[in-house]
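The values are calculated or read from the model by the stated rules, or taken from the named source; none is laboratory data. Just so it is clear, the model here is predicted, and its values are computed rather than measured. Positions of Cβ are generated from backbone atoms using ideal geometry, with glycine treated the same way; all protein chains shown enter the neighbour counts. Note: areas computed on protein heavy atoms with side chains; ligands, DNA, RNA excluded. Shrake-Rupley method; radii C 1.70, N 1.55, O 1.52, S 1.80 Å.
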Amino acid sequence: MFELLLTSFPVVIRYFQLRRRGEAISVWNMRTAVFMWAAMAFALFLTIFYFHPKSYSGLLPFRTVSVVAQTNGPVTEVPILNGQRVAKGDLLFRIENSTQTAALNQAKAEFDRIAAVEVKAQDALLVAQSSVTEATASLDKLRVDLENAQTLFERNVGTENAVRELDAAVAVAEAELAAAQAQVDLAQTDISQAIPAERRAAEAAVERAQVALDQTAVHAFSDGVVTQLAMSVGSPASQLILSPAMVIIPDRPEGVPLRITAGFSQVARATLYEGMPAEIACDSNIAMSFRNSVLPARVASIQPAIAAGQIVPGGRLLEAENGLRRGSMLVYFELEHPEHEAIMIDGSGCIVQTYTSNLSGAAGHVIAATGVVKAVGLRLKVWGALISGVGLAGGAAH
């Protein structure tokens, strides 16, 4: 509309010329002026639409957290309500845990048994060391007696039987000492290797049982709002990600700028650039006063690939005809003023209008000035969206 008005001056000039001359105003007499009008309008249309691309697919994406159970069983407690705000660590629901509690008690009892075995092994080591001391003392005494008996036998005072008996007694004492030393080594092995290994296994069993018990209490992993709560006390806990017990809409992370995505024609790649000024009009921000209905923004980044061309592994060969539908370029926008992020609603649909301002020279200033036409057109579309949104243009509005 504005383009036609701006380029209509050849027709207007020709019209007044014919009126001044008194000639008839006909298609033949106006042919040159109409052709110039059409050519200039087309050139202006092309310039404006090429250098100031627009997208109707603007979207403020957001993430959700699906909450599912990690174990089976009936639900015994649901302390939250649908629409309730929760903080990280808050209890969402609890599952019947008698089996997990019994397993934990059994694991703790086994751990206590290992502790008792360790104490018993320490006592056994002391007993074995005492036996070694006793056997050593007895062996030393028998060796002295054997030496004395041998000396007496050499002097023809003692008997050979006494020497043999003491020699046998020394051999028995040496065997008893070796046995006592083996008991010491066995007790030390139990204390240094076997029992610690059993203790670590018992500790792992306790931790495993504790984890299984903890899994019966499902807690929130982030701050947010609970929605689509689909369980009550007595309901079986669902472990299917496609059938979550509830969904949490997490709060926006602090310090991370809000980004709006929009798809543009691939032809716009030659015009779009990072830092390019833009305006965003989201349906959820449209009001009668038009306050904060159109927000300034800039291009933050441009996705370096077209999603329609991606290839995923599969059992079927690619069909070239499936690529006839051209994909769009995904562009990310950030609001110029961070305070506007508070009024944005996640999931809002938006109209995104960009403006080329990086061209130099007189032609660049003229092209940048033509963006006014797109800015006016954007505001007219916002007015039309308001009329459509309240139901005056039909549709599903109330």
Mind checking which residues of region 207-248 are crowded, with 18+ Cβ neighbours inside 10 Å, aliphatic (A, V, I, L, M) and more than 13 Å from Thr71 (Cβ to Cβ)? Ala220, Val226, Leu229, Met231, Met246, Ile248
Of all residues being among the aliphatic types (A, V, I, L, M), open to solvent by 60 Å² or more (accessible area, probe 1.4 Å) and out of contact with any Cys (no Cβ under 9 Å at 6 or more places or on another chain) in region 39-61, which is nearest to Ala268 (Cα to Cα)? Just the residue, please. Leu46
Return a yes/no flag: does region 212-223 have any residue that is closer than 19 Å to Phe93 by Cβ, small (Gly, Ala, Ser) and assigned to a helix (DSSP H, G or I). yes
Anything in region 286-302 that is closer than 18 Å to Leu59 by Cβ and open to solvent by 60 Å² or more (accessible area, probe 1.4 Å)? List them, or say none. Arg298
Within region 139-161, residues in contact with a Leu (Cβ under 8 Å, 6 or more places away or on another chain) and modelled with pLDDT of 70 or more come out as none
Determine whether Glu339 is modelled with pLDDT of 90 or more, of a type in the set (D, E, K, R) and open to solvent by 30 Å² or more (accessible area, probe 1.4 Å). yes
Which pairs have Cβ atoms under 7 Å, sit 6 or more apart or on different chains, and link a residue in region 343-366 that is under 30 Å from Ile249 (Cα atoms) to one that is among the charged types (D, E, K, R) and open to solvent by less than 40 Å² (accessible area, probe 1.4 Å)? Gln353/Glu279; Gln353/Lys374
Return yes or no: is Glu176 modelled with pLDDT under 85 and surrounded by 13 or more Cβ atoms within 10 Å (Cβ to Cβ)? yes
Anything in region 116-130 that is surrounded by 13 or more Cβ atoms within 10 Å (Cβ to Cβ) and among the small types (Gly, Ala, Ser)? List them, or say none. Ala121, Ala124, Ala128
